[in-house]
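Below is one structure; the comments refer to it alone.
The values are calculated or read from the model by the stated rules, or taken from the named source; none is laboratory data. Note that this is a predicted model, so its numbers are computed, not measured. Ideal geometry is used to build each Cβ from the backbone, glycine not excepted, and the neighbour counts take in all protein chains shown. Surface areas here come from the heavy atoms of the whole protein model, side chains and all, with no ligands, DNA or RNA. Shrake-Rupley method; radii C 1.70, N 1.55, O 1.52, S 1.80 Å.
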Amino acid sequence: MTTVKVKLTHKNYDVKIEKGLHQAIGEQVRSVWQPRKVVLITDSNVGPLYLSSAQGQLEKAGFEVLPVEVPAGEASKSLTKVGEIISQMAQAGFTRQDGVISLGGGMVGDLSGVVASLYMRGIAFIQIATSLTAQVDSSVGGKTAVNLGETKNIAGTFYQPDLVLVDSDYLDTLTDRDLVEGYGEVVKTSALEGQDFFNFTGKIRSVQDIRDHAPELSERSIAYKAKVVMGDEKEAGQRQFLNFGHTFGHAIELLSHGSLRHGEAVAIGMVTVTRVFEAEGIITQALIDRLQAVGLPISSDLVGTPLFFQHMINDKKNRGGVINMVALAQVGQPIIVPKPLDEIRSMI
């Protein structure tokens, strides 16, 4: 088993990475929590595959489980759904000594984290990451949020888990597209981390390569993200680097109305922002090579439309009409470039 330790000012926790962990959920959760009531939140994709087994293991370990399955998709990442789950927990008599467990990908993790942070002003939280996106990125670092209307991740909290479990066996039931979407975040992290990791992603030439190397991709990605989060938990400085590709990507994702997945939109966002800021196009071409090798998109007609810029106005990184854009001076050398929205519009 590989363990990445996240050590913060007010909290420490482990990210455990190992094939087969889905068969040891009860003992892993029991290693950090005493028996208590837990709400086990999943979605309609993951639930039919893994909910029954996870619930049975937790109950065998002494936990009282309230299973909650929400519809798959971004529409469930809402304040309405948060309120519904909190109401179910209250009716079931949950107290501050109880807990929330997320069993799913990024959407379920975000939703669960918001629920955990709000119920009675905060109760214990564990993430079991079942998608590649969650395993390499979203399950670690404590950023939780839900969408409001057409604005992505606008209502949320910083709320760290007590434990994160990453098992590449869960990826066996992901479609190729859902797997590859998460690989967009891996390429992002490798470009930020440095040449060694970036060279490693250059060796990934197929979807099967992603599956074969999933544990190492998770370990490398999480190790980098943990290092950044430990240095800047609340995104005051270097944690903004992790937004590489996301400023444009979030706008594209929302405008696509579900036709683009998060990682696909981030891939387009990374290429777009690198093209804008890079003079010679060397990094741009390297990014394109890695993304296209596994079928990720690199462009979209949505970039530069009036609605595209309207979404950027609502971006959380907008400070009085100026947005901190993340670009690459070199692989492993991210930089933050403050740009007025009007200037971004003219550049694109």
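Round to the nearest 10 and report in Å² the accessible area of Phe241, as given by a 1.4 Å probe over the protein chains' heavy atoms.
Phe241 has an accessible surface of roughly 40 Å² with all protein chains in place.
Once you charge only the Cβ atoms, +1 for Lys and Arg and -1 for Asp and Glu, what is the size of the charge dipole of the stretch 204-258 about its Cα centre, to the nearest 20 debye?
The dipole of the stretch 204-258 has a size of about 60 debye.
So, with +1 on the Cβ of K and R and -1 on the Cβ of D and E, and no other charges, what is the size of the charge dipole of the stretch 233-348 about its Cα centre, to the nearest 20 debye?
So the magnitude is around 260 debye.
So if the hydrodynamic radius of the stretch 1-117 is defined as the Kirkwood radius over C-alpha pairs, what does Stokes-Einstein give as its diffusion coefficient at 4 °C and 1.567 mPa s, in µm² per second?
So the translational diffusion coefficient is about 87 µm²/s.
Can you put Tyr159, Tyr13 in order of accessible area, largest first, using a 1.4 Å probe?
Order by accessible area, largest first: Tyr159, Tyr13.
Just how large is the dipole of the chain about the Cα centre, in debye to the nearest 20, putting +1 at every Lys and Arg Cβ and -1 at every Asp and Glu Cβ?
880
Calculate the FRET efficiency for Asn318 and Ser52 from the Cβ-Cβ distance with a Förster distance of 35 Å, rounded to the nearest 0.05.
0.20
Under 17 Å between alpha carbons, and skipping anything fewer than 8 positions from Lys7 in its own chain: which lysines qualify?
Lys16, Lys143, Lys225, Lys227, Lys234
Can you tell me the length gained on complete extension of the stretch Ser87 to Asp196, counting 0.36 nm per residue apart and subtracting the Cα distance?
34.4 nm
Relative contact order of the chain: what whole-number percent is it, with Cα pairs under 8 angstrom and at least 6 residues apart?
Relative contact order of the chain: 15 percent.
Computed from the coordinates I sent, Kirkwood radius over Cα pairs in Å equals one of (1) 20.3; (2) 21.7; (3) 22.3. Tell me the label.
(1)
So what is the diffusion coefficient of the stretch 189-314 in µm² per second by Stokes-Einstein at 25 °C and 0.890 mPa s, using a Kirkwood Rh over Cα pairs?
Answer from the Stokes-Einstein relation: 158 µm²/s.
With the dipole of the stretch 1-86 worked out from charges on the C-beta (+1 for Lys and Arg, -1 for Asp and Glu) around the Cα centre, which of Val68, Ile41, His10 lies farthest toward the positive end?
Sorting the options by dipole projection puts first His10.
Got a number for carbon plus sulfur as a percent of the chain's accessible area, 1.4 Å probe?
Of the solvent-accessible surface of the chain, carbon and sulfur hold 49 percent.
Please work out the average accessible area per residue across the chain, using the 1.4 Å probe convention, and give it in Å².
Using a 1.4 Å probe on heavy atoms only, each residue of the chain averages 40 Å².
Please give the peptides 267-273, 116-122 ranked by average Cβ packing (other Cβ atoms within 10 Å per residue), highest first, as a rough proxy for protection.
Peptide ranking by packing, descending: 267-273, 116-122.
Can you compute the helix-only [θ] at 222 nm over the chain? Use -39500 (n - 2.57) per DSSP H run of at least 4 residues, normalise by all residues, nearest 500 deg cm²/dmol.
The per-residue figure over the chain is -12500 deg cm²/dmol.
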